[in-house]
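A.B. asks: One structure is given below, represented as structure tokens, and several questions about it will come after.
Please treat every number below as a calculation from the coordinates, not as lab data. All values reported here derive from a predicted model rather than from experimental measurement. For neighbour counting, all protein chains shown are included, and Cβ atoms are generated from backbone atoms with ideal geometry for every residue, glycine included.
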Amino acid sequence: MQNSYRQKFMHIHPEGGTFFITFRLAGSIPKSLLTQLKLDFEDKLLEVKKIENIELRNKSRYNLRKNYFSKVDNVMDKISYGPHYLVIPNILKIIKKELHRYDGSLYHLLCYSIMSNHVHILIDTNICKEGNVNNKDINLHRIMKNIKGTTARYINIELGRTGTLWEKESYDMYIRNVKMLNNVIAYILNNPVKAGICNYWKNYPGNYFFGE
């Protein structure tokens with residue numbers, strides 16, 4: 001998987017706006033548990049801010065945020081609480097269709113994993129539109145507004161429900177180099193394996209990798 005990534009990705013510049021993003025269904029984690037995780041994160045962040053060495057402080061902040069995300073992701077993988085709409089075949093199709101709809105206009109879609117209550121995506125936003133300048137300034141807010149807005153509308157219609165579908169808060173991580181890219185690709189595609197849903201990432205219908 002990593003070799004095919006390197007071969008097909010020579011035109012991508014990791015420093016130019018490649019992001020790992022996770023978004024989840026509203027109500028997928030109990031508020032009390034999420035509050036506890038956030039408070040723990042904020043307490044540790046206060047300690048990190050006291051570090052005088054800038055390089056060490058930034059590295060510690062990054063590792064702390066990464067650790068916080070891992071804890072939240074582990075909860076989402078194992079929890080039976082809350083909605084799990086995303087494994088319904090028609091809902092899965094809706095999300096796939098909308099993620100691919102913006103591929104080539106708002107971003108290059110590199111890979112994703114659609115779990116029962118959350119979605120991981122890896123996108124490169126440093127794209128060129130015909131007749132336009134290099135589109136580095138396409139921001140994540142616009143991208144996520146498009147993805148969440150259209151999928152929420154169609155999924156609510158499919159389910160015959162109304163109201164908020166997605167949690168407002170999303171998690172995003174800027175990809176700094178090829179090694180990090182490969183690690184994130186492996187993390188995303190192996191999420192259903194880690195969750196005990198399948199034995200091999202290619203066997204999971206909610207997975208996509210551009211290199212395959």
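A.B. asks: Roughly how many nanometres apart are two label points built 7 Å out from the Cα toward the Cβ at His100 and Arg153?
C.D. replies: Placing both labels 7 Å beyond Cα along the Cβ direction yields 2.0 nm.
A.B. asks: Report, by chain and number, residues whose modeled amide H sits under 5 Å from the one on Ser116, excluding near sequence neighbours (fewer than 5 apart, same chain).
C.D. replies: Here nothing satisfies the definition.
A.B. asks: On to the next question. Counting only helical runs of four or more DSSP H residues, what would the 222 nm mean residue ellipticity of the chain come to if each run contributes -39,500 (n - 2.57) and the total is spread over all its residues?
C.D. replies: On the way: 7 runs with 99 residues, N = 212.
It comes out at -15000 deg cm²/dmol, rounded to the nearest 500.
A.B. asks: Per 0.36 nm of contour for each residue apart, how much would the distance between Leu92 and Lys50 grow if the chain were fully extended, relative to their Cα-Cα spacing? Write out the running numbers ahead of the final one.
C.D. replies: Working: separation 42, 0.36 × 42 = 15.12 nm, distance 4.47 nm.
Once the chain is fully extended between Leu92 and Lys50, it gains 10.7 nm.
A.B. asks: Expected output is a single nm value to one decimal: the length gained when fully extending between Tyr81 and Leu33, i.e. 0.36 nm times separation in residues minus the C-alpha distance. What is it? Before the final figure, lay out the partial values.
C.D. replies: On the way: separation 48, 0.36 × 48 = 17.28 nm, distance 1.14 nm.
Contour length minus the Cα-Cα distance gives 16.1 nm.
A.B. asks: Just tell me the longest site-free run in the chain, where the sites are trypsin sites (Lys or Arg not before Pro) in a DSSP loop having at most 15 other beta-carbon atoms within 10 Å.
C.D. replies: Working: sites that count: Lys49, Lys50, Lys129, Lys136, Arg161, Lys168, Arg176.
By the stated rule (loop sites, at most 15 other Cβ atoms within 10 Å), 51-128.
A.B. asks: Next question, about the same structure. Rounded to the nearest 0.05, what FRET efficiency do Cys198 and Tyr62 have when you use their Cβ-Cβ distance and R0 = 35 Å?
C.D. replies: Numbers: r = 30 Å, r/R0 = 0.87.
My answer for the efficiency is 0.70.
A.B. asks: May I ask you to evaluate 6.51 cos²θ - 1.76 cosθ + 1.60, the Karplus curve with θ = phi - 60°, for each residue of the range 60-66 and list the ³J(HN,Hα) values in order in whole Hz, giving x for glycine and proline?
C.D. replies: 5, 5, 4, 5, 5, 5, 4
A.B. asks: My understanding is that a pair violates if its Cα-Cα distance is over 22 Å; which of Lys44/Lys194; Lys38/Lys168; Lys49/Lys194; Lys71/Lys168; Lys49/Lys145 do that in this structure?
C.D. replies: Working: Lys44/Lys194 27 Å; Lys38/Lys168 16 Å; Lys49/Lys194 33 Å; Lys71/Lys168 19 Å; Lys49/Lys145 32 Å.
Violating the 22 Å limit, Cα to Cα: Lys44/Lys194; Lys49/Lys194; Lys49/Lys145.
A.B. asks: Considering amide H positions built from the backbone, and no H for Pro or chain starts, which residues 5 or more places from Thr18, or on another chain, come under 5 Å of its amide H?
C.D. replies: For Thr18, whose amide H was placed from the backbone, the distant partners under 5 Å are Thr125, Ile175.
A.B. asks: Classify the range 29-81 as rounded, prolate or oblate from the Cα gyration tensor: take a ≥ b ≥ c as the square roots of its eigenvalues, call it rounded if a/c is under 1.5, otherwise prolate when a/b beats b/c and oblate if not. Display every interim value, and only then the final one.
C.D. replies: Numbers: a/c = 6.30, a/b = 2.21, b/c = 2.84.
Judged from the Cα gyration tensor, the range 29-81 comes out oblate (a/c at least 1.5, b/c at or above a/b).
A.B. asks: If I take every Cα pair under 8 Å that is 6 or more residues apart in the chain, average their sequence separation and divide by the length, what percent do I get for the relative contact order?
C.D. replies: Working: 263 pairs, mean separation 70.1, N = 212.
Relative CO of the chain lands at 33 percent.
A.B. asks: Here's a follow-up. Determine the distance separating the Cα centre of the range 30-73 from the Cα centre of the range 136-197; give it in Å without decimals.
C.D. replies: Distance between centres, Cα-based: 21 Å.
A.B. asks: Between Asn177 and Asn139, what FRET efficiency comes out of the Förster formula 1/(1 + (r/R0)^6) with R0 = 30 Å and r the beta carbon distance, rounded to 0.05? Write down the numbers at each step before the final one.
C.D. replies: Numbers: r = 22 Å, r/R0 = 0.73.
Efficiency, rounded to the nearest 0.05: 0.85.
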